[in-house]
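Worksheet for the structure shown next.
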Amino acid sequence: MSFTTCTTCGNRYEWSWEEAFDKFGFEDGDGLVMTDHVADFLRSTGLSVTVQQYGFHNLVITNIERDGQSLIPEPTQLGYDDPRDYLPEDIVDDLDRHFPEGREVRS
């Protein structure tokens, strides 16, 4: 898991990029939500990324496109299915490299 130190309270929050695709990620939205950091990284690689609010307090990546084509297959149950199971391998590899175990991500 990556981690982020809160600039307000100084606490360390551990998280994984997969939570940006999970309706219940980031402590169901009650924790430090890092969805925008994951989306911004994906955008920096040339992908188009859609982030939507799920429920009252959580943000989830709901679409990723390359060259106008969605990279999330149609039968995917967004917010519930494991993104490692439906995202293309190159994107999973990029996310693993950018958000590695034990690396601090600044908020």
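Gly46 fulfils the conditions (1) over 21 Å from Tyr86 (Cβ atoms); (2) out of contact with any strand residue (DSSP E or B) (no Cβ under 6 Å at 6 or more places or on another chain) except for a single criterion, (1). Look at (1) part of a loop (DSSP other than H, G, I, E, B); (2) open to solvent by less than 30 Å² (accessible area, probe 1.4 Å); (3) touching a residue at least 40 places away in the same chain (Cβ under 8 Å); (4) of a type outside the set (S, T, N, Q) and you find that Pro100 fails only one, number (2).
Please verify whether Tyr86 is modelled with pLDDT of 95 or more and either open to solvent by less than 50 Å² (accessible area, probe 1.4 Å) or not aliphatic (A, V, I, L, M) (or both), treating the condition exactly as stated. Against the criterion (modelled with pLDDT of 95 or more and either open to solvent by less than 50 Å² (accessible area, probe 1.4 Å) or not aliphatic (A, V, I, L, M) (or both)), Tyr86 qualifies.
Taking the conditions (1) surrounded by 13 or more Cβ atoms within 10 Å (Cβ to Cβ); (2) among the aromatic types (Phe, Trp, Tyr); (3) not in a strand (DSSP E or B) in turn, Phe56 satisfies each one other than (1).
Evaluate the following for Asp67: is it open to solvent by 60 Å² or more (accessible area, probe 1.4 Å) and at positive phi? Considered against the rule, which asks whether it is open to solvent by 60 Å² or more (accessible area, probe 1.4 Å) and at positive phi, Asp67 comes out as yes.
The requirement of being open to solvent by 60 Å² or more (accessible area, probe 1.4 Å) and touching a residue at least 12 places away in the same chain (Cβ under 8 Å) is satisfied by Asp30.
Being closer than 22 Å to Ser2 by Cα, open to solvent by 50 Å² or more (accessible area, probe 1.4 Å) and small (Gly, Ala, Ser) is a property that does not hold for Ser48. When the stretch 1-27 is filtered for residues that are among the hydrophobic types (A, V, I, L, M, F, W, C) and open to solvent by less than 30 Å² (accessible area, probe 1.4 Å), the ones remaining, listed by number, are Phe3, Cys6, Trp15, Trp17, Ala20, Phe21, Phe26. When the residues of the stretch 1-24 are filtered to those that are among the small types (Gly, Ala, Ser) and in contact (Cβ under 8 Å) with a residue 40 or more places away in the chain, the one that is nearest to Arg103 (Cα to Cα) is Ser2. Do you know which residues across the stretch 34-53 are of a type in the set (Val, Ile, Thr) and assigned to a strand (DSSP E or B)? Matches in the stretch 34-53: Val49, Thr50, Val51. Beta carbons closer than 7 Å, at least 6 apart along the sequence or on distinct chains, pair a first residue in the stretch 64-81 that is under 23 Å from Asp36 (Cβ atoms) with a second that is part of a loop (DSSP other than H, G, I, E, B) and charged (D, E, K, R) for Gly79/Lys23; Tyr80/Lys23.
The values are calculated or read from the model by the stated rules, or taken from the named source; none is laboratory data. Only a predicted model underlies this, so the values are computations on that prediction, with no experimental measurement involved. Reconstructed Cβ throughout: ideal geometry from the backbone, glycine too, with neighbour counts over all protein chains shown. When the accessible area is computed, the model is the full protein with side chains, heavy atoms only, and any ligands, DNA or RNA have been set aside. Shrake-Rupley method; radii C 1.70, N 1.55, O 1.52, S 1.80 Å.
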